[in-house]
């Protein structure tokens, strides 16, 4: 699972209506230790970048994931998740989402399961085992589509042959020199 899948899965239940950039800051800000927040580069990124982290348009870099992982505070994050789920009365919905994602969990420890899941996502990012949708090595890469596009390009009409004039006109001189 990628971070964007994780964040989008939890967004309807624990965001409290916050925008994607703010929700990203809340997730990461509550996952890392308070003392490490000021030095966390990923929290200082522009709102549109944080939006892309949530929506999947951009992946968290391995070095940023390493910093977050090294300074994680699982208890703080689990407590924040519990508070968010309590405020939105979404324990059952988040538990159902985890089940749908085939994540084994105790129904009374949903926040801990989400914390552990985020920790494993960060580890996958650090080690590079998470698969990207745009990765040509991915099984989802469609070689037939590429071949079809190349064939269509070959079938496009070519420009007509035009002989090169011996002398350039006055208007063309400006482009030549």
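The values are calculated or read from the model by the stated rules, or taken from the named source; none is laboratory data. Since we're looking at a predicted model, the values are computed, not measured. Don't worry about glycine lacking a Cβ; one is built from the backbone with ideal geometry, like all the others, and counts go over all protein chains shown.
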Which one of the conditions (1) at pLDDT below 90; (2) surrounded by fewer than 14 Cβ atoms within 10 Å (Cβ to Cβ) does residue 87 fail to meet, given that it meets all the rest?
-> (1)
Any chance residue 101 is surrounded by fewer than 17 Cβ atoms within 10 Å (Cβ to Cβ) and within 16 Å of residue 10 (Cα to Cα) | yes
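This table checks each residue for (1) on the phi > 0 side of the Ramachandran plot; (2) modelled with pLDDT of 80 or more; (3) touching a strand residue (DSSP E or B) at 6+ places or on another chain (Cβ under 9 Å); (4) surrounded by 14 or more Cβ atoms within 10 Å (Cβ to Cβ).
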residue	(1), (2), (3), (4)
81	no, yes, no, yes
93	no, yes, no, yes
97	no, yes, no, yes
118	no, yes, yes, yes
133	no, no, no, no
146	no, no, no, no
164	no, yes, no, no
Test residue 124 against the stated conditions and say whether it is at pLDDT 90 or above and farther than 16 Å from residue 31 by Cα.
-> yes
Mind checking which residues of region 1-21 are on the phi < 0 side of the Ramachandran plot and surrounded by fewer than 15 Cβ atoms within 10 Å (Cβ to Cβ)?
-> 5, 12, 18, 19
